[in-house]
1. Could you check region 32-45 and list, in sequence order, the residues that are assigned to a helix (DSSP H, G or I) and either under 19 Å from the mean Cα position of the chain (by Cα) or closer than 18 Å to L13 by Cα (or both)?
2. Specify the residue that is nearest to V55 (Cα to Cα); the eligible residues are those in region 73-96 that are within 15 Å of the chain's Cα centre (by Cα) and free of Cβ contacts under 8 Å to residues at least 60 places away in the same chain.
3. Pairs under 8 Å by beta carbon, first residue within 15 Å of the ligand (Cβ to nearest atom) in region 1-25, partner acidic (D, E), six or more apart or different chains?
4. Sort through D120, D151, D140 and tell me the only one that's of a type in the set (D, E), within 16 Å of the ligand (Cβ to nearest atom) and more than 23 Å from I197 (Cβ to Cβ).
5. Check region 73-85 and report whether any residue there is at pLDDT 95 or above, over 24 Å from R201 (Cα atoms) and in contact with a Phe, Trp or Tyr (Cβ under 6 Å, 6 or more places away or on another chain).
6. Please go through region 164-207 and give me each residue that is modelled with pLDDT of 95 or more, within 22 Å of S145 (Cα to Cα) and charged (D, E, K, R), ordered by number.
7. Scan region 53-92 for residues that are under 17 Å from F6 (Cα atoms) and in contact with an Asp or Glu (Cβ under 9 Å, 6 or more places away or on another chain) and jot them down.
8. Restricting to region 26-53, and then to whatever is within 12 Å of the ligand (Cβ to nearest atom) and among the charged types (D, E, K, R), can you tell me which residue is surrounded by the most Cβ atoms within 10 Å (Cβ to Cβ)?
Amino acid sequence: MLTLYFSPMACSLASRIGLAEAGVGAEYVNVDLASKEMSSRGSFLDVSAKGKVPVLRLEDATILTETPAILSCIADLAPGKKLAPPPGTGERYAFQEWLSFLGTELHKQHLYPIYSPKTDARVKEFARSHIDEPLRFLEDRLEASRYLMGDAFSLADAYLVWGLILAKRASPAFDQYPSLASYLARVCMRPAVAESIAVERTMLKRP
Ligand SMILES: N[C@@H](CCC(=O)N[C@@H](CS)C(=O)NCC(=O)O)C(=O)O
């Protein structure tokens, strides 16, 4: 059985969506990111010295970190679902291109500093006031294309949908991006996406 280490509504949501879209069962372990503790399961740092979610533990006990690697792995576990282009094809490099863009240009440059308790106010403000750059690029792409990879949903979209949920809250200018807004609404209607978001939102509401 796979294990996904996650924190509710953190970037690990993309991996939960990936597993749900792939129809791959997993055990889910909730990590407290502040203390790095997992309730009654010890220190998360013993699972991954990086101390960041997501972590995917594979059947053979291999520990996989980094969202682009985890999403690629999940897609390859269920090739029939076509959640990523086959390895070794030119399209697969385009898929990796999107995962890298989302990870470096949107997630780590903007969403992470905006939402992390570790960043100070000036850094947060800089990240917030410059988030329109990647959002504009994504808006142009999704004005021309139904999904990041074209006509078909891929796990790059699983990463983007998480990013847009957070970006929508962070950017006062989000309503300037009609294609992103309609893409977000459309992708959130996919049953696997809707269910994954609902599960994690419920956890946040618990006392
Ligand atoms: N490079 C990692 C980044 C993962 C990451 O930043 N995770 C955040 C949650 S969105 C985290 O665990 N933060 C806790 C911390 O930084 O201590 C990836 O692509 O998965």
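The values are calculated or read from the model by the stated rules, or taken from the named source; none is laboratory data. Everything numeric in this text was worked out from a predicted model, so none of it was measured. For neighbour counting, all protein chains shown are included, and Cβ atoms are generated from backbone atoms with ideal geometry for every residue, glycine included.
1. Across region 32-45, the qualifying residue is only F44.
2. By that ranking, first place goes to C73.
3. Listed by first residue and then by second, the contacts come to L4/E27; F6/E200; S7/D32; P8/E200; M9/E200; L13/E200; R16/E200.
4. Within the list D120, D151, D140, the selection yields D120.
5. Looking through region 73-85, at least one residue is at pLDDT 95 or above, over 24 Å from R201 (Cα atoms) and in contact with a Phe, Trp or Tyr (Cβ under 6 Å, 6 or more places away or on another chain).
6. K168, R186, R190
7. P54, R57, I74
8. K52
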